[in-house]
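Engineer: Questions regarding the structure given below will be posed in turn.
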């Protein structure tokens, strides 16, 4: 693969998903695009680049961007945000007027493990406090990649996947075994909705959120893009809401629209919340 | 101080793989090839953790587990079942017999470490 081809394909990924591919990730083009080359009957990545430069290549370009956007997910990943959310859910329930839904956004939700982890916390919280059963909870999972969204909607996971992060008792309580795979219960699926969305484009249509999970997404963006994404999220958050970033991510020095919650790692709240409280 | 783990499996290959992973994470490992030998090992010294296969000759994992809990109570040791028996009713049977967690074979280091963290044997 020529350097020009690498730069061109990395440019497509950047433009469509915002993801930054470094030269050390050039191997990903070989491994992830090999099936596509075979299907399109193309001899090399250079031939693919040539085709992408040609007419009517929009669909192919989208496919390339999706294939090169990292999807890695397991249940209750990093643990801590979920411990925090477990405490936050009853507090939000008390703070919200009856009839008002509590809305949670799983941004870049991949195959849905994060969204279903949140759904498990909600179901368990409802079982502990039956007054929460009258409350409507909505988890909106969004991702750039259609294929992962289809899987997320089904809520069916392999044996291998359910072992990543999911305690066996939660598996027994909330999943049903179907031909060796495991499907999230109707109750869990009832909390969730999955839609295709690009974090760099219009996400305002999803409305206001009480809680946002945007973890291990920013690491793929450059600084201005990180700021754009974070500001977009902050604009849609309830003043007393919580934003969870990945354990290795920070909003410090990137935007002043969110601030870290004292004593918590990678938990943020919109800045307007503090201003409203001190007023 | 290293933590004591008893690996109970009739497959020497599985015991070897488990030993390699567990020793890497600071465990000292003892091995037993069936439930009866495992009970003897527990009598000698109570392990912190038992990694337990289900289908074994002489005494299977479920029978061992029932014996273990009847003799020593449910608080120790932590028992993680590690088996090819992945049907929902089989898993429930293991939990009812007193297992704390369940690993379905084939497993890898990430899954085992994840499960041991869930039950508090390893720190996150």
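What follows draws every value from the coordinates through simple rules; no lab data is involved. Keep in mind that what you see is a predicted model, and the values were worked out from it rather than measured. Glycine gets a Cβ as well: all are built from the backbone with ideal geometry, and neighbour counts include every protein chain shown.
Engineer: Just to check, using Stokes-Einstein with a Kirkwood Rh over alpha carbon pairs, what's the diffusion coefficient of the range A:1-134 at 10 °C and 1.306 mPa s in µm²/s? Don't skip to the end; give the middle numbers.
Structural biologist: Values: Rh = 18.0 Å.
D = 88 µm²/s.
Engineer: Next up: Cα convex hull of chain A: mean projected area in nm², to one decimal?
Structural biologist: Numbers: hull surface 66.0 nm².
Averaged projected hull area, Cα only: 16.5 nm².
Engineer: Across peptide B:113-119, what mean number of C-beta atoms from other chains lies inside 10 Å of a residue's C-beta?
Structural biologist: On the way: counts 0, 8, 6, 0, 2, 8, 2.
Taking the mean over all residues of the peptide, I get 4.
Engineer: For a quick check, take a GNM of chain B with Cα springs below 10 Å and name the residue from B:110, B:99, B:32 with the largest mean-square fluctuation.
Structural biologist: B:110
Engineer: Separate question: Got the relative contact order for the range A:3-67 handy, in percent, Cα pairs under 8 Å and 6 or more residues apart?
Structural biologist: 41 percent
Engineer: Taking every pair of Cα atoms in the range A:180-279, average 1/r, invert it to obtain the Kirkwood radius, and report Rg/Rh to two decimals. Provide the component values of the computation, followed by the final result.
Structural biologist: Details: Rg = 15.1 Å, Rh = 14.8 Å.
When Rh is taken as the Kirkwood radius, the ratio is 1.02.
Engineer: Report, as an integer, the average count of C-beta atoms from other chains found within 10 Å of each Cβ along A:150-161. Can you show the working numbers first?
Structural biologist: Numbers: counts 0, 0, 0, 0, 0, 0, 0, 0, 0, 4, 5, 0.
That average works out to 1.
Engineer: How do A:142, A:192 rank when sorted from fewest to most other Cβ atoms within 10 Å of their own Cβ?
Structural biologist: On the way: A:142 21, A:192 24.
Going from least to most buried by this count: A:142, A:192.
Engineer: Based only on the alpha carbon positions, what is the Kirkwood hydrodynamic radius of chain B, in angstrom?
Structural biologist: Details: mean 1/r = 0.0711 Å⁻¹.
Its Kirkwood hydrodynamic radius stands at 14.1 Å.
Engineer: Turning to a different aspect of this structure: Can you give the calculated 222 nm mean residue ellipticity of the protein assembly as shown, where each DSSP H run of n ≥ 4 adds -39,500 (n - 2.57) and the sum is split over every residue, rounded to the nearest 500 deg cm²/dmol?
Structural biologist: Values: 17 runs with 183 residues, N = 403.
It comes out at -13500 deg cm²/dmol, rounded to the nearest 500.
Engineer: Now for a separate question. For B:102, A:220, what ranking results if the residue with the fewest other Cβ atoms within 10 Å of its Cβ goes first?
Structural biologist: Numbers: B:102 26, A:220 18.
Neighbour counts put them in this order, fewest first: A:220, B:102.
Engineer: Based only on other Cβ atoms within 10 Å, what is the fewest-to-most ordering of B:72, A:27? Walk me through the numbers before you get to the answer.
Structural biologist: Details: B:72 13, A:27 8.
So the residues, fewest neighbours to most, are A:27, B:72.
Engineer: While we're here: For peptide A:166-173, how many partner chain Cβ atoms fall within 10 Å of a residue's Cβ, on average?
Structural biologist: Working: counts 3, 7, 15, 7, 1, 3, 5, 0.
Average per residue, whole number: 5.
Engineer: Calculated FRET efficiency, residue A:62 and residue A:153, Cβ-Cβ r, R0 22 Å, to nearest 0.05?
Structural biologist: On the way: r = 19 Å, r/R0 = 0.88.
My answer for the efficiency is 0.70.
Engineer: I would also like to ask the following. Which whole-number percentage describes the relative contact order of chain A, with Cα contacts under 8 Å and a sequence gap of 6 or more? Before the final figure, lay out each step's value.
Structural biologist: Details: 414 pairs, mean separation 44.7, N = 279.
So the answer I get is 16 percent.
Engineer: Normalising by the residue count of chain B, find the relative contact order in percent from Cα pairs under 8 Å and 6+ residues apart. Numbers along the way, then the final one.
Structural biologist: On the way: 198 pairs, mean separation 26.1, N = 124.
Worked out over chain B, it gives 21 percent.
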